[in-house]
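Just so it is clear, none of the values below were taken in a lab; they were calculated from the coordinates. Note that the structure is a prediction, hence the values are computed from the model and not measured. Neighbour counts run over all protein chains shown; Cβ positions are idealised from the backbone, glycine included.
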Amino acid sequence: MNIENVIELPAGEFDLEMTQKSGQTSQPPWHEVGGEFRELLMVRGRPCPVAVRQRGRVLEVRPYLRVNRNDLKKRIEYIFDLKFDLEDFYSFLDDMGLSESIESSRGLRLFLAKDPFECIISSIASQNCSVLRWTRSIMDIRRMWGPAFRVSSETFHGFPSPEVLAAVEEDSLEELQRAEDDLPEDFAFNNLRACGVGYRAPYIRETSRILAEEIDVNEVWGMDYHEALELLLELPGVGPKVADCILLYGFRKTEAFPVDVWVRRIMNYIYPERNFRDGELREFAWSRFGEMAGYVQLYLFNHARRSGLLEKLKGG
DNA sequence: GCCCAGGAGTCCG
DNA sequence: CGGACTCATGGG
């Protein structure tokens, strides 16, 4: 591999591995090979597989194809939110009396969506589902219907477009009926349920249809938080928590504060006198944490996951 | 076998 | 509005 093809990015305080494996619904973790994380990115509208490795406070980025260095640099800086000042955020957490969550999550950053549509489907697939399972579903969807790119004996799959996913059958029965008489010898099921998405299959297909025919997801970029929230809540399978995940991980609306069972338990543990109810919590976070709300949620959840606090709070 | 997973839709008072 | 019930399915 051509050594001058490697781009070195100052990453500051950053933990690539923890960020990759923190279960953010933007996308599954990238393919890990010997400490390197590999993924297919779109750089200025062109597909380009990339390998990323961390050495101390430097991120080494190795593109598989010729690509404009500055465009790729910006892309990586965006995806790992490298411009966000973590030290500033840590002193903010300190001021809020939440410094307990820093140590177990030091270096954790937003893992932003390389494809907002993939983030929307990931977030829908994640509802009432384990990280292990929804990430595998997304990988299955990519392998079955995503565009494939082969580079030096490696195959990368992008996520399918809304148009492609809208045309996929929901379950085996529907697929068989569509196929009718001409079943090939090596017939294998190619429907959404076969990806393990369960009852979320109709949500995924209908949301895909709406995004193919009625709404351009890119409109969200130009909207403010509340406007974008209302738009996303129109999509089937998207409720308050999933909408906030999409806004935070998919479009970097950092005022978003996704409230799930764990965050609710953690917040009620931290503020025992409040006894938050559904809905209150989001408004509280929004007014108290402002544009830091998303990062506060990220750190609270990750801390609880890693420190054993979640086990302690279970059932309470 | 049983319980749970980073919830949402629906119905019912 | 608030609460209860259901939804599919793989892993511990």
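Neighbour counts of other C-beta atoms within 10 Å: give me A:164, A:261, A:197 arranged from fewest to most.
Details: A:164 15, A:261 12, A:197 25.
Ordered by Cβ neighbours within 10 Å, fewest first: A:261, A:164, A:197.
Express in nm, to one decimal, how much length is gained between residue A:275 and residue A:87 on full extension, taking 0.36 nm for each residue of separation and deducting their alpha carbon distance.
Details: separation 188, 0.36 × 188 = 67.68 nm, distance 3.07 nm.
Going from the current span to full extension adds 64.6 nm.
Based on Cα positions only, what radius of gyration and what Dmax would you give for the range A:261-301, in angstroms?
Both quantities, over Cα of the range A:261-301: 9.5, 25 Å.
Can you compute log10 of I(q)/I(0) for the range A:216-289 with the Debye formula, treating each Cα as one identical point scatterer, at q = 0.13, 0.18 Å⁻¹?
Listed by q, the Debye log ratios stand at -0.39, -0.70.
Quick check on the exposure proxy: order A:303, A:31 from fewest to most C-beta atoms within 10 angstrom. Please report the intermediate quantities before stating the final value.
Working: A:303 20, A:31 15.
Fewest to most other Cβ atoms nearby, the residues stand as A:31, A:303.
Given +1 on the Cβ of Lys and Arg, -1 on the Cβ of Asp and Glu, and no further charges, what dipole in debye does chain A carry about its Cα centre, rounded to the nearest 20?
On the way: 40 positive and 52 negative charges, 218 e Å.
That gives a dipole near 1040 debye.
Tell me the relative contact order for chain A as a rounded percent, counting alpha carbon contacts under 8 Å between residues six or more apart.
17 percent
Please tell me the relative contact order of the range A:261-313 in percent, rounded to the nearest whole number, where contacts are Cα pairs under 8 Å and at least six residues apart.
Details: 22 pairs, mean separation 24.3, N = 53.
It rounds to 46 percent for the range A:261-313.
What is the gain in length, in nm to one decimal, between residue A:33 and residue A:164 on full extension, counting 0.36 nm per residue of separation less the C-alpha to C-alpha distance?
Full extension of this stretch gives 44.2 nm more.
Can you pull the one-decimal nm distance between simple spin-label points at residue A:187 and residue A:209, each 7 Å off the Cα toward Cβ?
Using points 7 Å along Cα→Cβ, the separation is 2.4 nm.
Please give the peptides A:213-220, A:250-257 ranked by average Cβ packing (other Cβ atoms within 10 Å per residue), highest first, as a rough proxy for protection. Walk me through the numbers on the way to the answer.
Working: A:213-220: 13.0, A:250-257: 23.0.
Going from most to least packed, we get A:250-257, A:213-220.
Which value results when the Cα radius of gyration for chain A is divided by 2.2 N^0.38 Å? Walk me through the numbers on the way to the answer.
Details: Rg = 20.3 Å, N = 316, 2.2 N^0.38 = 19.6 Å.
My calculation over the Cα atoms of chain A gives 1.04.
Starting from 0 in steps of 5 Å, tell me what percent of the Cα-Cα pairs of the range A:64-180 lands in each bin.
Histogram of Cα-Cα distances, whole percents per bin: 2, 8, 12, 14, 17, 15, 12, 7, 6, 4, 2, 1, 0.
When the Kirkwood radius is taken over all Cα pairs of the range A:3-105, what Stokes-Einstein diffusion coefficient follows at 10 °C and 1.306 mPa s, in µm²/s? Intermediate values should be presented prior to the final figure.
On the way: Rh = 14.9 Å.
The Stokes-Einstein estimate is 107 µm²/s.
To two decimal places, what compactness ratio does the range A:138-229 give when its Cα radius of gyration is scaled by 2.2 N^0.38 Å? Before the final figure, lay out each step's value.
Values: Rg = 16.0 Å, N = 92, 2.2 N^0.38 = 12.3 Å.
Relative to the 2.2 N^0.38 Å estimate, the range A:138-229 comes out at 1.31.
So how much slack lies between residue A:219 and residue A:69, counting 0.36 nm per residue of separation and subtracting their Cα-Cα distance, in nm? Working shown, then result.
Working: separation 150, 0.36 × 150 = 54.00 nm, distance 2.77 nm.
Here the segment from residue A:219 to residue A:69 would lengthen by 51.2 nm.
Quick one, what does Rg over Rh come out to for the range A:179-316 if you take C-alpha atoms and the Kirkwood Rh? Walk me through the numbers before you get to the answer.
Values: Rg = 19.1 Å, Rh = 17.4 Å.
Rounded to two decimals, Rg/Rh equals 1.10.
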